[in-house]
1. State whether the residues of segment 86-104 include one that is within 14 Å of the ligand (Cβ to nearest atom) and β-branched (Val, Ile, Thr).
2. Quick check on segment 108-134: of everything there that is outside any loop (DSSP other than H, G, I, E, B) and crowded, with 20+ Cβ neighbours inside 10 Å, which residue is farthest from the ligand (Cβ to nearest atom)?
3. So which of Val91, Val134 ends up being touching a Leu at 6+ places or on another chain (Cβ under 9 Å) and more than 23 Å from Asp158 (Cα to Cα)?
4. Restricting attention to segment 39-48, does a residue exist that is within 12 Å of the ligand (Cβ to nearest atom) and buried (at least 20 other Cβ atoms within 10 Å of the Cβ)?
5. Among the residues that make up segment 54-63, is at least one of them touching a residue at least 40 places away in the same chain (Cβ under 8 Å), outside any loop (DSSP other than H, G, I, E, B) and surrounded by fewer than 19 Cβ atoms within 10 Å (Cβ to Cβ)?
6. What tally of residues in segment 65-107 results from selecting those that are at negative phi, under 17 Å from the mean Cα position of the chain (by Cα) and in a loop (DSSP other than H, G, I, E, B)?
7. Quick one: in segment 135-155, which of the residues that are assigned to a loop (DSSP other than H, G, I, E, B) and closer than 23 Å to Ser86 by Cβ is farthest from the ligand (Cβ to nearest atom)?
8. List every residue pair whose Cβ atoms lie under 6 Å apart, where the two residues are 6 or more positions apart in sequence or sit on different chains, the first residue falls within segment 156-169 and is over 22 Å from Lys56 (Cβ atoms), and the second residue, located anywhere, is of a type in the set (Gly, Ala, Ser) and surrounded by 10 or more Cβ atoms within 10 Å (Cβ to Cβ).
Amino acid sequence: NQISVQPSQLRLGKFLVMNRRERTFTAIKPDAVHRGLVGEIISIFERKGYKLVGLKLVLPDRKLAENHYSELRDKPFFPDLVDFISSGPVVAMCWEGKDVVRTARKLLGATNPLESEPGTIRGRYGIDIGRNVVHSSDAVTTAEREIQLWFTEHELVDWDPAVARWVYE
Ligand code: ADP
């Protein structure tokens, strides 16, 4: 009956359940802040049942934008991407819950809004790939790196939502 905790998994006997404490980094990009979509996007994650553990409005400098997208540094669109992300306010968020990294990507929809399903955030609010409204980490390891990049430890709040037992069985 040993319980061992891995980054995103919890093993209970023979059962492997996704860890409720998995975290992801999600950002509302400057286009969406300008368009007044902040409340709408936060609501989608809240209503889904995820727990907000970090939230702030940031004007990212180029260094932060370059660091955040460092894996794309060789792409032709990299300079425009960095210009755009550092051009205005970004809402930086950390969301916590079962399988949140993968589920957040589903809520966002495909990178190119022309290919995103209509019910997704990008499908509902975006048209161009370079103005695709939101970001969310693409893997648990990426999430760990991005959370550390955007937040300090004391900016992340550990709390127990009163409704947790109505979200999880
Ligand atoms: P995602 O944001 O879905 O994880 P990527 O990490 O591949 O996608 O790309 C990061 C961001 O760079 C995208 O959200 C998008 O805004 C921009 N981007 C990706 N591909 C292109 C492209 N071909 N042209 C312009 N911008 C792009």
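1. There is at least one residue in segment 86-104 that is within 14 Å of the ligand (Cβ to nearest atom) and β-branched (Val, Ile, Thr).
2. We begin by selecting, within segment 108-134, every residue outside any loop (DSSP other than H, G, I, E, B); these are 108, 121-125, 129-131, 134.
Going one step further and asking which of them are crowded, with 20+ Cβ neighbours inside 10 Å, we end up with 108, 121-122, 125, 134.
Working: Leu108: 7, Ile121: 11, Arg122: 8, Tyr125: 13, Val134: 8 Å.
By that ranking, first place goes to Tyr125.
3. Details: Val91 fails: more than 23 Å from Asp158 (Cα to Cα).
Criteria check complete, one pass: Val134.
4. no
5. Of segment 54-63, the ones touching a residue at least 40 places away in the same chain (Cβ under 8 Å) are 54, 56, 58.
Adding the requirement that they be outside any loop (DSSP other than H, G, I, E, B) leaves 54, 56, 58.
When the remaining residues are screened for being surrounded by fewer than 19 Cβ atoms within 10 Å (Cβ to Cβ), the result is 56, 58.
Checked segment 54-63: at least one residue is touching a residue at least 40 places away in the same chain (Cβ under 8 Å), outside any loop (DSSP other than H, G, I, E, B) and surrounded by fewer than 19 Cβ atoms within 10 Å (Cβ to Cβ).
6. Total meeting the criteria: 3.
7. To start, the set of residues in segment 135-155 that are assigned to a loop (DSSP other than H, G, I, E, B) comprises 137-139, 151-152.
Next, from what is left, pick out any that are closer than 23 Å to Ser86 by Cβ: 137-138, 151-152.
Values: Ser137: 8, Asp138: 5, Phe151: 19, Thr152: 24 Å.
Of everything passing the filter in segment 135-155, Thr152 is farthest from the ligand (Cβ to nearest atom).
8. As it stands, the answer is Val167/Gly49, since those pairs meet every condition given.
A short reminder: the numbers here are calculations on the coordinates, not readings from a lab. Keep in mind the model is a prediction, meaning the values are calculated, not measured. Here the Cβ is made from the backbone with ideal geometry for all residues, glycine too, and neighbour counts use every protein chain on show.
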